[in-house]
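Here's the structure, in structure tokens; my notes come after.
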Amino acid sequence: MLKLKEVVDKQRDEIRAQGQEISSRTREVEALQEQLERFMKMNGDLRHKQSVAQAQVKSAVERKADLEADLKAREKEIERLSASLRELQQEGAQVTSL
């Protein structure tokens, strides 16, 4: 009977220890789940920021292309006006030499 009582006490202690282990593991799992949720939220925020940044980069690239095209058009206009001015100066020089 004494031996049976010792076995029962030992098993009770093991059950308590296992219950504490289960509680400890449950808390760890809950903490990991909370951490995972925070990481998922952070990941979502970062993805949103990345898409916004990509849209801004795309807009900036398009704006740059527009500005470069405008600059080339203005440079051509300046070249055309310079050529016209040279022609007029040559014509003016010919008229004054007469």
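The values are calculated or read from the model by the stated rules, or taken from the named source; none is laboratory data. None of these values were measured; they are calculated from a predicted model. Surface areas here come from the heavy atoms of the whole protein model, side chains and all, with no ligands, DNA or RNA. Shrake-Rupley method; radii C 1.70, N 1.55, O 1.52, S 1.80 Å.
Pick from Lys76, Lys49, Lys64: which is most flexible by mean-square fluctuation in a GNM of the chain where alpha carbon atoms under 10 Å apart are linked?
Lys76
How large a share of the accessible area of the chain, in percent, is made up of carbon and sulfur atoms when the probe is 1.4 Å and the other protein chains stay in place?
Values: 5440 of 9530 Å².
That share works out to 57 percent.
Through the Karplus equation 6.51 cos²θ - 1.76 cosθ + 1.60, θ set to phi - 60°, convert the phi angles of segment 17-30 into ³J(HN,Hα) values in whole Hz; use x for Gly and Pro.
Residue by residue, segment 17-30 yields 4, 5, x, 5, 4, 5, 4, 4, 5, 4, 5, 4, 5, 4 Hz.
Can you tell me which of Asp70, Asp45, Asp13 moves the most in a GNM of the chain? Springs connect C-alpha atoms under 10 Å apart.
Judging by the Gaussian network model, the answer is Asp13.
Under a 1.4 Å probe, what is the accessible area of the chain per residue, stated in Å²?
Details: 9530 Å² over 98 residues.
I get 97 Å² per residue for the chain.
Pop out the ³J(HN,Hα) list for segment 86-93 in order, Karplus 6.51 cos²θ - 1.76 cosθ + 1.60 with θ = phi - 60°, rounded to Hz; leave Gly and Pro as x.
4, 4, 5, 5, 5, 5, x, 5
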